[in-house]
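Taking it in order: structure first as structure tokens, then the write-up.
The values are calculated or read from the model by the stated rules, or taken from the named source; none is laboratory data. Predicted, not measured: the structure shown is a model, and the values here were computed from it. Every residue, glycine among them, receives a Cβ derived from its backbone with ideal geometry; neighbour counts consider all protein chains shown. Heads up: the accessible areas ignore ligands, DNA and RNA and are worked out on the full protein's heavy atoms, side chains in. Shrake-Rupley method; radii C 1.70, N 1.55, O 1.52, S 1.80 Å.
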Amino acid sequence: MKRRDFLRNTFGACSTIWLGQNFFDVCKALAQEQPKEQATKLVYIRSGLENPTGSDQSYFWLELMVSGVAEIIPSSVPDEFLFLIKKCRPGDLTGQMNYDNPYIKRAEVKAVNQQDCSVRLVVKNQNVMPEMRYALVPSVLRAGMYRLRIDAGSFSSPTAIKESDLEIQESNLAFGPLATRAFTDLIVIHHVGMGAAEEAAAEIHRLHLRNGWSGIGYHYVIHKNGMIERGRPRDTVGAHTYNHNGSSVGIVLDGNFEDAIPTAVQLEKTARLVAALSHIYNITPDYNNVVGHRDLNTTLCPGKNLYIELPQVRDKALAYMKE
Ligand SMILES: [Zn+2]
């Protein structure tokens, strides 16, 4: 019995067949059984994340719809899949593939010879590669099309950046009474706005205590060298944006950005922190949820030179969340 008939007879009623570790062998065998006259095309490639058990481990999956069977070439590079698609031209493939994909960094289609093409898919996160499993979907198999479903390794969450990755300096300040926020749907960006001197969290703490507050009103201070200091504990009500402290996190960047311009590393760290906080509070870092102080109160804060960078900060944060 031919291998394909065996698979069809054995698994025909199932929605998915798990084929274990011998993926490469089965693909090669199926490829050899292909009718020689049938042209092969890659119809589409899709990928995504799935969390079948509801745990904090997600699976990366990659699905290829192929008319005919793609031959998988084991690749020595740890973050790529390499396929040989027979009897097609690069032009047959390029229009059909979705390159704008959160999990696949790059797809390259090249002619190997006059008849066959290679497809190289480079994934964005190397962690997805080590434990590849795959499946063929028989309803597609019967129609003469093959959907190769590859479940690659697991990784902990779709967010690449966590607060613990940011090496936040604990400032160990003594606070007066603090209330806990019931919910959070807003991140407000500020500047220190005073002179050129470096302002440590402890110094802002001292000034804010003098205002009669419970201590530093911001939750984070981002310095010109990119160092992030913790201010008020993350889940407590801050004192930074009138009428909005009960639902927001306040981030202050050191500098007066009416005059100076924020450093590149300062903006980079802001985007990373916004990504981590957006993940924690399950918000999208867009115009509604990540704002400058001047969007909410009558103030110049966070200064015009920082304010015009906020669209970039939001875009970067969103990209980091998808990585
Ligand atoms: Zn402000």
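A quick yes/no check of all residues on (1) more than 32 Å from the chain's Cα centre (by Cα); (2) open to solvent by 50 Å² or more (accessible area, probe 1.4 Å); (3) within 16 Å of the ligand (Cβ to nearest atom):
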position	(1), (2), (3)
Pro177	yes, yes, no
Ile189	no, no, yes
Met194	yes, yes, yes
His208	yes, no, yes
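Of all residue pairs spaced 6 or more apart or on separate chains, those with beta-carbon atoms under 6 Å, a first member in region 225-242 that is within 14 Å of Leu273 (Cβ to Cβ) and a second member that is open to solvent by 20 Å² or more (accessible area, probe 1.4 Å) and within 16 Å of the ligand (Cβ to nearest atom) are Gly231/Tyr218.
Among the listed residues Ile251, Ile228, Ile222, which satisfies the condition of being away from the ligand (no atom under 16 Å from the Cβ), touching a Leu at 6+ places or on another chain (Cβ under 8 Å) and assigned by TED's automatic domain parsing to the domain that holds Ile168? Reasoning before the result, please.
Working: Ile251 fails: away from the ligand (no atom under 16 Å from the Cβ); Ile222 fails: away from the ligand (no atom under 16 Å from the Cβ).
Selected residue: Ile228, the only one of Ile251, Ile228, Ile222 that is away from the ligand (no atom under 16 Å from the Cβ), touching a Leu at 6+ places or on another chain (Cβ under 8 Å) and assigned by TED's automatic domain parsing to the domain that holds Ile168.
Of the candidates Ala271, Ala317, Ala239, the single residue that is part of a loop (DSSP other than H, G, I, E, B), among the small types (Gly, Ala, Ser) and assigned by TED's automatic domain parsing to the domain that holds Gly217 is Ala239. The set of residues in region 278-307 that are open to solvent by 60 Å² or more (accessible area, probe 1.4 Å) and within 16 Å of the ligand (Cβ to nearest atom) comprises Arg294, Asp295, Thr298, Leu300, Lys304, Tyr307. Restricting attention to region 210-224, the residues being without any contact (Cβ under 8 Å) to a residue 24 or more places away in the chain and among the hydrophobic types (A, V, I, L, M, F, W, C) number 0. Within region 254-277, if we keep just the residues that are open to solvent by less than 20 Å² (accessible area, probe 1.4 Å) and under 23 Å from the mean Cα position of the chain (by Cα), the residue that is nearest to the ligand (Cβ to nearest atom) turns out to be Thr270.
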